[in-house]
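Right, one structure below, let's go through it.
The values are calculated or read from the model by the stated rules, or taken from the named source; none is laboratory data. On a predicted model such as this, the values are computed, not experimentally measured, just so you know. Note: ideal-geometry Cβ built from the backbone for every residue, glycine included; neighbour counts use all protein chains shown. Just the protein is used for accessible areas: all its heavy atoms, side chains included, with ligands, DNA and RNA removed. Shrake-Rupley method; radii C 1.70, N 1.55, O 1.52, S 1.80 Å.
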Amino acid sequence: MSIVMTGGGTGGHLAIIKAVKEQIIHEELVYIGSNNGQDRQWFEHDPDFSATYFLETRGVVNQGALGKVKSLYMLSKATLQAVKLLRKHKAKVVFSVGGFSSAATSFAAKYLNIPLVIHEQNAAQGSLNRFLRPYAAVFISSYLEESPIKAYPVKEIFFDNARIRKKVQTVIFLGGSQGAKAINTLALEIAPVLKERDIRIIHQAGEKNIDEVRSAYEALGIEAEVFGFTTHLADYMKDADLAIARAGASTLWELAATALPALFIPYPYAAGDHQYYNALFLEEKELAWIMREEEVDTEKVLALLDEDLESKSRGLMEIVEKDGSKKIAALLTDYAKI
């Protein structure tokens, strides 16, 4: 008997699985993902899973006509494989976080009448999750009032690191491990002013941009901590007083859990513009700021350095619920015992 986890393609999806699986004890865990995307990189050698499988699948939505046909053919083959794997491991429940990686296993679960629990990480629901929602035993979203679990599955260290911000002494720029050109450009434009005000700079520039961004800071005569991928993001967030970031769901809720006020610059090409709607969820509660890439104004950004951080920081502490990972893990464990 096992709990099967599926979904991913991107780190935002996979971070949900990582946070939840770490709260499950004494149950067999199996991961089924895709050969495309980051699934294999995250979980191929993860000891928490008794078995991991990576099927040949890819996205359907953003393909041309012929590409859609090929993707659907790959999905059909993968679904048959997933049916065999769910039977082999006697799956009691399937936990899906969405993304193209989850399609085959989710369809297989419904074919076999295995309970499907879906976690939607974004305010704008992904196309697959939207399609599967009526068939899910449980549909979880931090943005929906009717969700049985409202708490987002954020690792506890982010809550442990929470503190009230009152003055900007350190700014962190977060473009994700792949980087964000617009955020990198903005950071370098305002860096001289930050230096004048003796404000420390932490900058996640992206793996491909580290050397270029470091050189740019050196040319400006400015010290900055520049990195790409890191396993110490929680510590960097703890040190910061203001974040300028993309609005992927995991980043947004990790910042909120840390009580770190943020200016969000959503990735403009995200599916369904979901990053904008993620940020809007907080902005409408006056707990964040948003600027579209084409609307970024350095003077307006610099004006945020003198904004009331304390009210936003306290508000974030109040809105974010703890133990999302534990609550989801408990729900899955209950299904496994049926």
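Residues that are under 15 Å from the mean Cα position of the chain (by Cα) and in contact (Cβ under 8 Å) with a residue 60 or more places away in the chain within region 102-139 comprise His119, Gln121, Asn122, Ala123, Ala124, Gln125, Gly126, listed in sequence order. Checked across region 118-128, the condition of being under 21 Å from Lys337 (Cα atoms), assigned to a helix (DSSP H, G or I) and at pLDDT 95 or above holds for no residue.
Summed over region 1-41, residues that are open to solvent by 30 Å² or more (accessible area, probe 1.4 Å), out of contact with any Phe, Trp or Tyr (no Cβ under 9 Å at 6 or more places or on another chain) and under 22 Å from Glu56 (Cα atoms) total 4.
The numbered conditions (1) open to solvent by 30 Å² or more (accessible area, probe 1.4 Å); (2) basic (Lys, Arg); (3) in contact with an Asp or Glu (Cβ under 9 Å, 6 or more places away or on another chain) are all true for Arg165 except (1).
Applying the criterion of being outside any loop (DSSP other than H, G, I, E, B) and out of contact with any Leu (no Cβ under 9 Å at 6 or more places or on another chain) to the residues of region 146-162, the residue that is surrounded by the most Cβ atoms within 10 Å (Cβ to Cβ) is Phe159.
Here is a yes/no grid of residues against (1) surrounded by fewer than 20 Cβ atoms within 10 Å (Cβ to Cβ); (2) assigned to a loop (DSSP other than H, G, I, E, B):
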position: Phe173; (1), (2): no, no
position: Leu186; (1), (2): no, no
position: Glu189; (1), (2): yes, no
position: Leu194; (1), (2): yes, no
position: Lys208; (1), (2): yes, no
position: Tyr217; (1), (2): no, no
position: Thr231; (1), (2): yes, yes
position: Lys238; (1), (2): yes, no
position: Thr251; (1), (2): no, no
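Yes/no matrix, rows are residues, columns are (1) without any contact (Cβ under 8 Å) to a residue 40 or more places away in the chain; (2) under 21 Å from Glu254 (Cβ atoms):
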{"site": "Gly11", "(1), (2)": "no, yes"}
{"site": "Ile16", "(1), (2)": "no, yes"}
{"site": "Ala19", "(1), (2)": "no, yes"}
{"site": "Glu28", "(1), (2)": "no, no"}
{"site": "Gly33", "(1), (2)": "no, no"}
{"site": "Gly37", "(1), (2)": "no, yes"}
{"site": "Phe43", "(1), (2)": "yes, yes"}
{"site": "Asp46", "(1), (2)": "yes, yes"}
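Does Val83 qualify as being surrounded by fewer than 21 Cβ atoms within 10 Å (Cβ to Cβ), at pLDDT 95 or above and of a type in the set (A, V, I, L, M)? Against the criterion (surrounded by fewer than 21 Cβ atoms within 10 Å (Cβ to Cβ), at pLDDT 95 or above and of a type in the set (A, V, I, L, M)), Val83 qualifies.
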